[in-house]
Amino acid sequence: MKTASLIIATALLASPIAFAEDVTCQSNMQELARYSSAPLDQLTDDARTQLEDHIRLAGEAQTDGDEKGCIVHSSKALQEINSIGQEDEQGQRNSNN
(Lines give C-alpha, C1' and ligand atoms only; values in the text may rest on other atoms or scores of the structure.)
Protein backbone atom coordinates (compact mmCIF):
# COMPACT_ATOMS: atom_id res chain seq x y z
CA MET A 1 0.00 0.00 0.00
CA LYS A 2 2.83 2.40 0.86
CA THR A 3 4.53 1.66 -2.45
CA ALA A 4 1.40 2.48 -4.45
CA SER A 5 0.95 5.75 -2.55
CA LEU A 6 4.57 6.65 -3.14
CA ILE A 7 4.29 5.93 -6.87
CA ILE A 8 1.12 8.04 -7.17
CA ALA A 9 2.66 10.91 -5.20
CA THR A 10 5.82 10.79 -7.33
CA ALA A 11 3.78 10.80 -10.54
CA LEU A 12 1.76 13.80 -9.38
CA LEU A 13 4.85 15.74 -8.40
CA ALA A 14 6.53 14.98 -11.71
CA SER A 15 3.44 16.02 -13.64
CA PRO A 16 3.67 19.34 -15.49
CA ILE A 17 0.27 20.22 -14.05
CA ALA A 18 1.78 20.25 -10.58
CA PHE A 19 4.17 22.98 -11.71
CA ALA A 20 1.73 24.95 -13.85
CA GLU A 21 1.32 28.55 -12.84
CA ASP A 22 -2.16 29.53 -11.78
CA VAL A 23 -3.38 31.86 -14.50
CA THR A 24 -6.32 34.01 -13.51
CA CYS A 25 -8.10 36.92 -15.07
CA GLN A 26 -6.84 39.18 -12.29
CA SER A 27 -3.20 38.08 -12.65
CA ASN A 28 -3.29 38.61 -16.42
CA MET A 29 -4.95 42.01 -16.08
CA GLN A 30 -2.33 43.06 -13.53
CA GLU A 31 0.41 41.98 -15.92
CA LEU A 32 -1.25 43.91 -18.75
CA ALA A 33 -1.30 47.00 -16.52
CA ARG A 34 2.45 46.63 -15.99
CA TYR A 35 2.94 46.57 -19.76
CA SER A 36 0.88 49.70 -20.35
CA SER A 37 4.01 51.52 -21.53
CA ALA A 38 5.04 48.81 -24.01
CA PRO A 39 6.40 50.21 -27.29
CA LEU A 40 3.22 49.63 -29.31
CA ASP A 41 4.61 51.71 -32.16
CA GLN A 42 6.63 48.62 -33.11
CA LEU A 43 3.39 46.79 -33.95
CA THR A 44 1.70 46.97 -37.32
CA ASP A 45 -1.64 48.76 -37.39
CA ASP A 46 -3.46 45.42 -37.63
CA ALA A 47 -1.50 43.94 -34.69
CA ARG A 48 -2.11 47.07 -32.59
CA THR A 49 -5.85 46.94 -33.36
CA GLN A 50 -5.96 43.25 -32.49
CA LEU A 51 -4.11 43.90 -29.21
CA GLU A 52 -6.46 46.73 -28.29
CA ASP A 53 -9.47 44.52 -29.10
CA HIS A 54 -8.17 41.72 -26.87
CA ILE A 55 -7.55 44.15 -24.01
CA ARG A 56 -11.04 45.64 -24.41
CA LEU A 57 -12.69 42.21 -24.59
CA ALA A 58 -10.71 41.01 -21.55
CA GLY A 59 -11.88 44.04 -19.59
CA GLU A 60 -15.49 43.50 -20.64
CA ALA A 61 -15.28 39.81 -19.70
CA GLN A 62 -13.78 40.71 -16.33
CA THR A 63 -16.59 43.20 -15.68
CA ASP A 64 -19.17 40.56 -16.65
CA GLY A 65 -17.58 37.98 -14.36
CA ASP A 66 -16.54 35.80 -17.33
CA GLU A 67 -13.27 34.40 -15.98
CA LYS A 68 -12.62 32.12 -18.96
CA GLY A 69 -13.26 34.84 -21.55
CA CYS A 70 -11.06 37.25 -19.63
CA ILE A 71 -8.22 34.72 -19.46
CA VAL A 72 -8.48 33.94 -23.17
CA HIS A 73 -8.39 37.57 -24.31
CA SER A 74 -5.86 38.79 -21.75
CA SER A 75 -3.55 35.87 -22.58
CA LYS A 76 -3.75 36.69 -26.28
CA ALA A 77 -2.99 40.35 -25.52
CA LEU A 78 0.03 39.33 -23.43
CA GLN A 79 1.26 37.12 -26.28
CA GLU A 80 1.05 40.08 -28.65
CA ILE A 81 2.96 42.30 -26.22
CA ASN A 82 5.62 39.65 -25.63
CA SER A 83 6.12 39.29 -29.39
CA ILE A 84 7.10 42.96 -29.78
CA GLY A 85 10.65 43.09 -31.06
CA GLN A 86 10.95 39.33 -31.51
CA GLU A 87 10.13 39.48 -35.21
CA ASP A 88 12.89 42.05 -35.74
CA GLU A 89 15.37 39.96 -33.74
CA GLN A 90 14.48 36.83 -35.74
CA GLY A 91 14.96 38.72 -39.00
CA GLN A 92 18.38 39.89 -37.87
CA ARG A 93 19.37 36.36 -36.84
CA ASN A 94 18.22 34.95 -40.17
CA SER A 95 20.11 37.59 -42.15
CA ASN A 96 23.30 36.81 -40.21
CA ASN A 97 23.14 33.12 -41.16
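Filter segment 56-68 down to the residues that are surrounded by 12 or more Cβ atoms within 10 Å (Cβ to Cβ) and either under 13 Å from the mean Cα position of the chain (by Cα) or at positive phi (or both) and list them by number.
Within segment 56-68, just Ala58 meets the criteria.
How many residues does segment 71-97 contain that are basic (Lys, Arg) and modelled with pLDDT under 90?
The qualifying residues number 1.
If you go through segment 31-46 one residue at a time, how many are assigned to a helix (DSSP H, G or I) and either in contact with a Ser or Thr (Cβ under 9 Å, 6 or more places away or on another chain) or in contact (Cβ under 8 Å) with a residue 12 or more places away in the chain (or both)?
Count: 4.
Tell me, please, whether a residue that is at pLDDT 95 or above, not in a helix (DSSP H, G or I) and not hydrophobic (A, V, I, L, M, F, W, C) can be found in segment 47-70.
Yes, segment 47-70 contains a residue that is at pLDDT 95 or above, not in a helix (DSSP H, G or I) and not hydrophobic (A, V, I, L, M, F, W, C).
Looking only at residues in segment 60-86 that are of a type in the set (Gly, Ala, Ser) and touching a Leu at 6+ places or on another chain (Cβ under 9 Å), which one is farthest from Val23 (Cα to Cα)?
Checked segment 60-86; the qualifying residue farthest from Val23 (Cα to Cα) is Ser83.
The values are calculated or read from the model by the stated rules, or taken from the named source; none is laboratory data. Just so you know, these numbers come straight off a predicted model, no measurement behind them. Note that each Cβ is placed from the backbone with ideal geometry, even for glycine, and that neighbours are counted across all protein chains shown.
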